[in-house]
Amino acid sequence: MVFLSVLTPVLAVILCLVIGFMLLKPREAASMSTGKPASKSENFRPWVDQDLQDDTEITAREDEVGDWMDSSEEDLPHVPYSQKRYSEEMMLQRSQDFYTLMNDRRSVRFISPDPVPREVINNVIRTAGTCTAPSGAHTEPWTFIVVSDPEMKHQIRLIVEEEEEVNYRHRMGEKWVHDLAKLRTNWIKEYLDVAPFLVLIFKQTHGILPNGKKKTHYYNEISVSISCGILLAALQNAGLVTVTTTPLNCGPQLRLLLRRPANEKLLMLLPVGYPASDATVPDLKRKPLDDIMVYI
């Protein structure tokens, strides 16, 4: 009896350990399968735009294979390609000239209402989307929505400011808001009414073919981000200004307002125009080349 009275607590402890191990194992397996830890604190990120929480390499699941396009296509023909080769002196001059041009680029929040030729907007978007930007498997997963209608611009502003106020007051957190204070930014976005054009860039998480089947868009967010970079350079080259805005948690409402399909997610919003006559920008200092480049 004495032996049993001593053994019983030991057995109880062993039983608890076994049960705990059995419960913990599935959580570890789930974490390994997703590549992410199961920590609640790491998964809880209220500042992340919920509309962008989708894979950038969407592939068909086994239960919906029939909805996706068969990837077996004929081989594309290849054509000769040549690039104009400059002398070393000309290369140096051109690279310096382009640096000088882009070094003047700034995020400008004070934009003039003066009209901008529509053909200029066509050209800069053609540069970013149909000419030069690379994309995963050449899927071109971008949609550029250009808004000039005053009422539509105002509706966009109302949606953005409503969500941005919540972002600044609650979602972003004290540190983020404190770090932005020196830039004098807040949730008031007057430029959304004033700028002659608003360009909203949507990434397509997958394509939708005329027959209703889906087409995989590989690396769609990276591809569209590269395209946005080229668009910024094209705007600077044309003498226009913008400010890169990523309105947190505005995507679903703006997608519905603009009547875009569910496979499109808002990635960036750019007000485009000339700088206002009284425009100012923060006197920022950029990192020197030695801080950002490593030769090996």
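Please list, short to long, the whole-number percent of alpha-carbon pairs of the stretch 218-291 in consecutive 10 angstrom bins beginning at zero.
The calculated distribution, bin by bin, is 14, 34, 37, 13, 2.
Return the FRET efficiency for the residue pair Asp193, Asp278: r is the Cβ-Cβ distance, R0 is 22 Å, and the value is rounded to the nearest 0.05.
Values: r = 17 Å, r/R0 = 0.77.
The calculated FRET efficiency here is 0.85.
Whole angstrom only: what separates the Cα centroid of the stretch 89-114 from the Cα centroid of the stretch 225-296?
15 Å
If you take every residue apart from Thr244 with its C-beta less than 14 Å away from the C-beta of Thr244, what net charge results, scoring Lys and Arg +1 and Asp and Glu -1?
+4
Take His154, His206 and order them by how many other Cβ atoms sit within 10 Å, fewest up front.
Listing His154, His206 from fewest to most nearby Cβ atoms yields His154, His206.
Output wanted: per-residue J couplings in Hz (rounded whole) for the stretch 281-289, from phi through Karplus 6.51 cos²θ - 1.76 cosθ + 1.60, θ = phi - 60°, x for Gly and Pro.
9, x, 7, 8, 10, 9, 5, x, 4
Mind listing the long-range amide H neighbours of Ile111? Cut-off is under 5 Å, sequence gap 5 or more, other chains count too, H placed in the peptide plane at 1.01 Å from N.
Ala276
Which value in nm describes the separation of the simple spin-label points at Arg259 and Glu174, placed 7 Å from the Cα toward the beta carbon?
Result for the modelled spin labels: 4.7 nm.
Report, in listed order, any pair from Lys182/Lys285; Lys84/Lys203; Lys175/Lys203; Lys189/Lys287 with a Cα-Cα distance greater than 22 Å.
In this structure, Lys84/Lys203; Lys175/Lys203; Lys189/Lys287 lie more than 22 Å apart at Cα.
Report, to one decimal in Å, the Kirkwood hydrodynamic radius for the stretch 96-234 based on all distinct Cα pairs.
The answer is 17.5 Å.
Report D for the stretch 77-160 in µm² per second (integer): Stokes-Einstein, Kirkwood Rh on Cα pairs, 10 °C, 1.306 mPa s.
On the way: Rh = 17.4 Å.
After rounding, the answer is 91 µm²/s.
D for the stretch 168-296, whole µm²/s, Stokes-Einstein with Kirkwood Rh over alpha-carbon pairs at 20 °C and 1.002 mPa s: what number?
On the way: Rh = 17.7 Å.
Using the Kirkwood radius from Cα pairs, D works out to 121 µm²/s.
All of the numbers you see were taken from the coordinates with simple rules; none came from a lab. Please read all numbers here as calculations on a predicted model, not as lab measurements. Please note: Cβ atoms are built from the backbone with ideal geometry, for glycine as well, and neighbour counts cover all protein chains shown.
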